[in-house]
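Student: One structure is given below, represented as structure tokens, and several questions about it will come after.
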Amino acid sequence: MSSNNDSENDKRAQSGFSRRSWLRGAGIGTGVVGAGVLEQEADAQAAPKLMTGEVEIALDINGRKRSVKVEPRTTLLDALRNRMDLTGAKRVCDRGTCGACTVSVNGKIIYGCTMLAVDAVNKKIQTIEGIAPEGQLHPVSAAFVNNDAQQCGYCTPGFVMAAKGFLDRTPNPTQEQVEKGLAGNICRCGTYVGVRKAVLEASKNYRGGSNA
């Protein structure tokens, strides 16, 4: 029996074929086919290419439709300042923490540095330049002047926009409500006392408010 097995093994060795080599080849073949299928699926599911270069968009700003070319990564703040010459909103932290770039989008107060310009399409945008007719002061702006609520003035446009949005929602605020309502805006000069007085004064003249 042993001699017969040895003879059979010799024949397989001479022919170059064995069960082990067949299994090894079958495994490699399956792997190649599998890899090919996976590559095809990966190609089919590849992420779409990101937009590059400038695109033209239309923005509704202070009641006017304006066309502007921006890169998809451009923030609303940079589009306003660098492409439309609306420099009231200030670029300070560029991290959504100081409030100097505050604007209104669809009636909601936001930081201009936290929204992409392309995401503002089909939305109503209002900046400090558009809250009152040309040559006139908005009641909030006038109250800031009356109460000396600014020093260097760099944060003032953001505070005025935030205060206007706050009074739209809370026309008769208490001082505590004013403090909480404007907590998202920072004044490095420390004019917070004047700011609070200004907002309380504006509440008397804005939308029928009555609190002092």
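Student: So for each of 130-141, 149-160 I average, over its residues, the number of other beta carbons within 10 Å; can you give me the resulting order with the highest mean first? Could the numbers behind the result be given before it?
Tutor: Numbers: 130-141: 15.2, 149-160: 21.2.
So the peptides 130-141, 149-160, ranked by packing, come out 149-160, 130-141.
Student: Let me ask something additional. What pairs from LYS69/LYS164; LYS90/LYS124; LYS108/LYS180; LYS123/LYS204; LYS65/LYS108; LYS90/LYS164 go past 27 Å between their alpha carbons?
Tutor: On the way: LYS69/LYS164 30 Å; LYS90/LYS124 19 Å; LYS108/LYS180 17 Å; LYS123/LYS204 30 Å; LYS65/LYS108 19 Å; LYS90/LYS164 17 Å.
Beyond 27 Å: LYS69/LYS164; LYS123/LYS204.
Student: Looking at THR114, PRO157, GLY99, which one has the Cα that reaches farthest to the positive end of the dipole of the stretch 82-171 (charges on Cβ: Lys, Arg +1; Asp, Glu -1)?
Tutor: It is THR114, whose Cα lies furthest towards the positive end.
Student: Full extension from ASN62 to ALA183: what is 0.36 nm times the residue separation minus their Cα-Cα distance, to one decimal in nm? The partial results should precede the final answer.
Tutor: Working: separation 121, 0.36 × 121 = 43.56 nm, distance 2.55 nm.
Residue separation times 0.36 nm, minus the Cα-Cα distance, leaves 41.0 nm.
Student: Output the Kirkwood hydrodynamic radius of the stretch 63-211, Cα pairs only, in Å rounded to one decimal.
Tutor: Values: mean 1/r = 0.0645 Å⁻¹.
Over the stretch 63-211, the inverse of the mean reciprocal pair distance is 15.5 Å.
Student: Another question, then. If packing is taken as the average count of other Cβ atoms within 10 Å, what order do 177-186, 194-203 fall into, highest mean first?
Tutor: Numbers: 177-186: 17.3, 194-203: 24.1.
Result, highest mean Cβ count within 10 Å first: 194-203, 177-186.
Student: Quickly rank 100-109, 83-92 as a protection proxy: mean count of other C-beta atoms within 10 Å, highest first.
Tutor: On the way: 100-109: 20.9, 83-92: 17.3.
Top to bottom by mean Cβ count within 10 Å: 100-109, 83-92.
Student: Please find the FRET efficiency linking LYS108 to ASP148, where r is the Cβ-Cβ separation and R0 is fixed at 25 Å, and quote it to the nearest 0.05. Present the calculation step by step, with values, prior to reporting the outcome.
Tutor: Numbers: r = 29 Å, r/R0 = 1.17.
In this case the efficiency is close to 0.30.
Student: Give, in whole angstrom and from largest to smallest, the semi-axes √(5λ) of the equivalent ellipsoid of the stretch 131-212, with λ running over the eigenvalues of the Cα gyration tensor. Display every interim value, and only then the final one.
Tutor: Values: eigenvalues 58, 48, 23 Å².
They are 17, 16, 11 Å, listed from largest to smallest.
Student: Give me the distance in nm between label points sitting 7 Å out from Cα along the Cα-to-Cβ direction at THR97 and ASN172, one decimal.
Tutor: It works out to 3.9 nm between the two label points.
Student: State the extension gain, in nm to one decimal, for the chain segment bounded by ASN205 and LYS69, taking 0.36 nm per residue of separation less the distance between their alpha-carbons. Mind showing how you got there, number by number?
Tutor: Working: separation 136, 0.36 × 136 = 48.96 nm, distance 3.96 nm.
Here the segment from ASN205 to LYS69 would lengthen by 45.0 nm.
Since every read-out is calculated from the coordinates, none of them should be taken as a lab result. Given the structure is predicted, the values throughout are model-derived calculations rather than measurements. Using ideal geometry, Cβ is built from the backbone for each residue, glycine included, and neighbour counts are taken over all protein chains shown.
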